[in-house]
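Data block below; observations after.
FYI, it's all coordinate maths here, none of it is from the lab. Please read all numbers here as calculations on a predicted model, not as lab measurements. Counting neighbours? That spans all protein chains shown, and the Cβs are built from the backbone with ideal geometry, glycine included.
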Amino acid sequence: MDDTANDTQPLIVTEVALYLHVQGHSKFVARYAKQVRQTIEQYCLQNYGLREQDLGGNDYLLRFTHSDLDDLRRQIDLLLSYADSEADMYYCFIEVDIENAEELGLLE
């Protein structure tokens, strides 16, 4: 029997400190910022171990399960793309910072 089919990399769990700010493009759509934040928390951040105490704030501690650094980068990119698209649908924008990016090796 060939053992190469079972050569899978073990999964790694990494905690990522994420800062997320949602803001409306103008004062006329500013009321949507709270709705956008709630939608992002409910449908996206929830998948990454969103803690109850982080709800409604700007700082989140998320847990990503990945096989390597490229997989982690891909997952973060998808998360941020979704959040940006959600904000854009309500004429809002997001500002995001991964506070421990250098420590995780994401700044290459």
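Tabulated data
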{"item": "By average C-beta atoms within 10 angstrom, highest first, the peptides 10-19, 50-59", "result": "10-19, 50-59"}
{"item": "The chain, relative contact order in percent, only Cα pairs under 8 angstrom and at least six apart counted", "result": "42"}
{"item": "Mean ellipticity per residue at 222 nm, deg cm²/dmol - from DSSP H runs of n ≥ 4 across the chain, formula -39500 (n - 2.57)", "result": "-10500 deg cm²/dmol"}
{"item": "Alpha-carbon centroids, region 9-87 and region 92-108: separation in whole Å", "result": "11"}
{"item": "Correct choice for Rg and Dmax of the Cα atoms in Å that was computed from the model, options [x] 16.4, 66; [y] 17.9, 69; [z] 24.5, 87", "result": "[x]"}
